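**Student:** The following block contains the structure, expressed as structure tokens.
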């Protein structure tokens, strides 16, 4: 391969500093290395870590701007509580009093409504320790309802069969990158640079998405697909590959034991029917299939939202059948899926935890699957179900927020608990590449704040469950290292990996991956990977798409929001139009509704409505609107503020 | 004095390769953080062009824009207080100690680069990270750019780099 290295980069800071902390950015799942410069206990500058194998000195806007969160005016620094939402907050004396109060109120809710009335919503900002301690507390309490953007459909993390093959830096060896329902140029720019490097070396980039994204602007072939059609595209691609006989002679011996029924499932449907669900012309689909199959090895990069749609394993099936799995630069790379299956409640036998864990698998992803919660403990913004419950008059009687920054949720909660930022605590971090990293504390946290583990340990003590949370230092604070050592020992894929190993590897500039095999290498056993892939079963053809229902008639547009983990890059304190929280709307639809860029519009569904400003852009097709801050995809009606709903509906019906 | 200054400070260049820009705003944010600028001041700005129709397809690109540090800067000529200055190494910068926030420079600049920082009433514009360069460091926009759309260095080296990139492109195409 022709190669050329750019001129030397001269890095560092111009500011005076006492010490430099090399740590891991936790703003997204890439896991970039950063150098934080601290002076008199204050963070004064952040630069990328040139030694870090993933980022090599690069940092995205989130990795740079997090420093402002540490000392911003919206920081929650006081414990506060109130009896009802109509009252003003009263400052509480300390953590002991606040946790006593929370425990008393939780006990009352439990007595009146049972254990399953508690819902725990974990935000990425609160960190893995909050999430894992929350799931342990929930198992003891008896509620299966713990929601987190870390979740996979199996609710426990990725197995090796649906975790990324190799590192993002290996994308440079790909001949083709097929990116589906993901916008890594916006959400994971540091990882996406490897895709551009591959493109410079002659690789082709194919991007399939509903919107025309930043990533799509760099594509050699852009495919605009229908809503929730990502996995259908995978099946249609497989069908096209089979029809065009692009599999190659050894395809059946690539690790998959393929039954006859699998072939039949693709034979039974025509390519035209397969393409229909994706909104793509057959010719375009064939073009993509030929490009993907011939420019091998191909890396399939899929967005997190596909994990929640049927037919997800089609991507592993394609990668394995085509022989890309295990090849450098080939295989499947599902974004935001680098966390292994770690269960923090498996040892709680006799506490009906197994039943709870199983129920959680089926219920926790769906707000419709359970009664309205009466008590909520959350660590970030509450999801839509809460707005729905407000509308239906079943609002929770207790909402406790454990968070860093004041948000809209803070206006709707009864108790506020100030949380530590990830830069203010030592913590475990799983990056996209299946790398396990130890993130060092940059600055000391404000006195009033606590970590997520501290919060749950304090609460568990009030219920007499302190024996189940034994990770305590002499000063009564949580021992994060002991907790992480215990947690990593809970699963075979991470057993043997300890904080000490992670710290040492960090000093040596080496990444530790799972599945971890300390005896062989720090890179994770390749033998274990191969075994893992052999165990998978091929995904059958699945081309069913949901028929339109009655609600679609009333709400003709489809609202798409980003995955909660994969938020777009930010610009510090945006106040102007071009990067704010704007609703992207297609020019034809906007013109018909009399909407111009900057106008106030109302986005409503059957339960909720929000008022935002519009950005008229061709990035979205006619049937789609996009909002950077929503919580879930759904069908909506959009109208200009002041315009009646029926008027807007009539206009949209004629157009769509 | 001027000659000695010139000898000690060779000219640098910031190469902007818009074809590699992905609109991630890393440069813009890095600049704001480095110079403690509020949201209204974007001394590096990413301009999104498109999406436009190109046949049946769409096309979109991003253009990082910042001060060109002109050879004969109109802003320096126009500044009534002498706050806007050009260094011997080519960097054009505004001295906040002298700036009175009259915005004459903003009117004079043909590219509309200088903007008023409403937080302190002074002009904000790219100062080429002159304090970092004096320490031998790269400007933060180039340093943090994930895709190497921004490259910094001595002009001869940057031009050589650009030539080699283009030569590689050609070689790979063949």
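**Student:** I'd like the distance separating the alpha-carbon centroids of segment A:82-135 and segment A:466-513, in whole Å.
**Tutor:** Cα centres, segment A:82-135 to segment A:466-513: 27 Å.
**Student:** Test of understanding: ordering B:56, A:313 by Cβ neighbours within 10 Å, fewest first, what list do you get?
**Tutor:** Least crowded to most crowded, the residues run B:56, A:313.
**Student:** Next up: If you rank A:148, A:505 by fewest surrounding Cβ atoms within 10 Å, what's the result?
**Tutor:** Starting with the residue having the fewest Cβ neighbours, the order is A:505, A:148.
**Student:** Next question. In what sequence do A:135, A:124 fall when counting other Cβ within 10 Å, fewest first?
**Tutor:** Going from sparsest to densest Cβ surroundings: A:124, A:135.
**Student:** Any chance you could give the angle, 0 to 90 degrees and rounded to 10, that helix B:155-173 forms with the longest Cα principal axis of chain B?
**Tutor:** Tilt of helix B:155-173: around 10 degrees.
**Student:** Here's another thing I want to ask about it. Looking at chain B as a GNM with Cα springs under 10 Å, which of B:113, B:46, B:98 has the largest mean-square fluctuation?
**Tutor:** B:98
**Student:** Can you give the % of DSSP beta bridges in segment B:2-173 that are antiparallel, to the nearest 5?
**Tutor:** Of the beta bridges lying entirely in segment B:2-173, close to 100 percent run antiparallel.
**Student:** What distance in nm lies between label points placed 7 Å from Cα along the C-beta direction at residue A:84 and residue A:608?
**Tutor:** Each label point is offset 7 Å from its Cα along the Cβ direction, giving 2.4 nm.
**Student:** Also, quick follow-up: Among B:55, B:128, B:136, which one shows the highest mean-square fluctuation when chain B is modelled as a Gaussian network with alpha-carbon springs under 10 Å?
**Tutor:** Ranking B:55, B:128, B:136 by mean-square fluctuation puts B:55 first.
**Student:** Next up: Under the rule a/c < 1.5 gives rounded, and otherwise a/b versus b/c splits prolate from oblate, where does segment A:1-154 land using the Cα gyration tensor?
**Tutor:** Oblate shape, in that a/c is at least 1.5 and b/c is the bigger or equal ratio.
**Student:** Other chains' Cβ within 10 Å of A:61-67 residues: what's the mean?
**Tutor:** Mean partner shielding for this stretch: 6.
**Student:** In square nanometres, what is one fourth of the surface area of the convex hull spanned by the alpha carbons of segment B:2-173?
**Tutor:** 12.1 nm²
**Student:** Quickly estimate the mean residue ellipticity at 222 nm for the protein assembly as shown, helices only: each DSSP H run with n ≥ 4 gives -39500 (n - 2.57), and the total goes over all residues, rounded to 500.
**Tutor:** -8500 deg cm²/dmol
**Student:** Further question: Quick one: among B:143, B:49, B:14, which has the greatest mean-square fluctuation in a GNM of chain B with alpha-carbon springs under 10 angstrom?
**Tutor:** Among B:143, B:49, B:14, the largest mean-square fluctuation in the Gaussian network model of chain B belongs to B:49.
**Student:** Compute the FRET efficiency between residue A:22 and residue A:44 as 1/(1 + (r/R0)^6), taking r as their Cβ-Cβ distance and R0 = 22 Å, and round to the nearest 0.05.
**Tutor:** FRET efficiency, residue A:22 to residue A:44: 0.90.
**Student:** Can you pull a Stokes-Einstein diffusion coefficient for the protein assembly as shown at 37 °C (0.692 mPa s), Rh from Kirkwood over Cα pairs, as a whole number of µm²/s?
**Tutor:** D, rounded to a whole number, is 115 µm²/s.
**Student:** I'd like the distance between the alpha-carbon centres of segment A:439-462 and segment B:18-66, rounded to an integer number of Å.
**Tutor:** Distance between centres, Cα-based: 38 Å.
**Student:** Given the protein assembly as shown, what percent of its DSSP beta bridges are antiparallel, to the nearest 5?
**Tutor:** Antiparallel: roughly 60 percent of the beta bridges in the protein assembly as shown.
None of the figures in this text is laboratory data; all of them are computed from the coordinates on show. Please read these numbers as outputs of a predicted model, since none were measured by experiment. Positions of Cβ are backbone-derived with ideal geometry, glycine not excepted, and every protein chain shown enters the neighbour counts.
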